[in-house]
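The values are calculated or read from the model by the stated rules, or taken from the named source; none is laboratory data. Quick caveat, the model's predicted, so the values are computed rather than measured. Methodologically, a virtual Cβ is constructed for each residue, glycine included, from the backbone with ideal geometry; neighbour enumeration extends over all protein chains shown. The area values use the complete protein model at the heavy-atom level, side chains included, leaving out ligands, DNA and RNA. Shrake-Rupley method; radii C 1.70, N 1.55, O 1.52, S 1.80 Å.
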Amino acid sequence: MAKTEKLTGVQKAAILFITLGPEASSGIIKRLPEREIQKITYEIANMNTVKSEERQKILDEFMEMNKAKDYILEGGVEYARSLLSKALGSQRAGEILERVSEYSQQYRPFSIARKADATQLINVIMNEHPQTIALILCHLQPDKAGQILSALPTDLQSDVAYRIATMSNVYPVLVKEIEAVLNSKLSNVISSENSVVGGLPSLVNILNQVDRGTEKNITEGLEREDSELAEKVKQSMFVFEDIITLDDIAIQRILREVDSKELCLALKGSSEQVLESIMRNQSKRAAATLKEDMEFLGPVRLVEVEKAQQKIVGLIRRLEEAGEITVSRGGQDAIVL
């Protein structure tokens, strides 16, 4: 094996994934562009042996680079240099920062907003133009963007969601101007740029974090605004009623993880098709018990039903993310890996 200094970035990535192991590596690799995945997997397949000291050196390098990038995003290049110098010495800090030089000329867009509390951001952007709100939400963490989207007036939610989904290229100068105004309201100004934001994946990531009521309101609003776009959003997501699209093996895998009380509550607001799909995949005794429990439960609040359904959907999405089930889009059957 060549010395680590002579390895390409792809070769180092391949060794890193070998070192991390299949479980940790799979979660990272699937987020990479397909072309990069092909390059890395080719290198992995063609590696015979990697010495333990080489693996450790690359792992250490990765940790140092990752830490340096975090420092730069948090407080800038000089802030990163100061912290790294204290920990590793000025020479080593300089070497690391040189490797991440692409970060030295720019900051992450809306980094201050990403650190701010969601409630504070809601108060600041609530009265902004829907397009401005959409641009800001595209740059936030999906969970924080979901909180903000849920807090917007219902008539504004679908408007903002539509703008997120249809947003593509944004002039860097516009991003800078909006960020500067927002940061001045948050009492700290930085400038940065980014040219491509939004799109369908951005909206889906955000919708996966909102409550069921918000999700329904937005998808119904999108139906009225753009039925084709609404269909694409639905195909990219999974809602509780979509359980009927799963095959029996997938449903049985899900039922092993679901709390019986949670399932009983969730099914109170479901269709007959969903109920039949669930009961078909239980033993006769378990199905009879479930039916009795549902009848015994009596009337329940809709918000409680939706909360239980959302929890089960979250479980399904986690199982899919972990590769334990595959939820196909566009009406095809799901398969279990």
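For the stretch 204-318, how big is Rg over Rh, using alpha carbon atoms and the Kirkwood form of Rh?
Working: Rg = 14.8 Å, Rh = 15.0 Å.
Reported Rg/Rh, Kirkwood definition of Rh: 0.99.
Please compare each pair in LYS115/LYS311; LYS115/LYS185; LYS291/LYS311; LYS234/LYS307; LYS12/LYS86 to a cut-off of 23 Å on the Cα-Cα distance and tell me which ones are over it. Exceeds cut-off: LYS115/LYS311; LYS12/LYS86.
Residues LYS67, LYS12, sorted by accessible area with the largest first, give LYS67, LYS12 [1.4 Å probe; ligands and nucleic acids excluded]. With K and R counted +1 and D and E -1, the other residues having a Cβ less than 13 Å from that of GLN120 yield a net charge of +3. Charge dipole (Cα centre; +1 on Lys/Arg Cβ, -1 on Asp/Glu Cβ; no other charges) of the stretch 212-280 amounts to roughly 300 debye. Using equal-weight Cα scatterers in the Debye expression, the normalised intensity of the stretch 251-313 in log10 at q = 0.14, 0.20, 0.27, 0.28 Å⁻¹ is -0.35, -0.73, -1.37, -1.46.
Please list 52-58, 14-20 highest first by mean number of surrounding beta-carbon atoms within 10 Å per residue. List each step's numbers first, then the result.
Values: 52-58: 14.4, 14-20: 19.4.
Result, highest mean Cβ count within 10 Å first: 14-20, 52-58.
Could you tally the net charge around VAL160, taking each other residue with its Cβ under 15 Å from the Cβ of VAL160, Lys/Arg +1 and Asp/Glu -1?
On the way: positive: LYS144, ARG163, ARG224; negative: GLU128, ASP155, ASP159, GLU215, GLU220, GLU225, ASP226.
My count for the surroundings of VAL160 gives -4.
When peptides 138-146, 270-278 are sorted by average Cβ neighbour count within 10 Å, with the highest value leading, the order is 138-146, 270-278.
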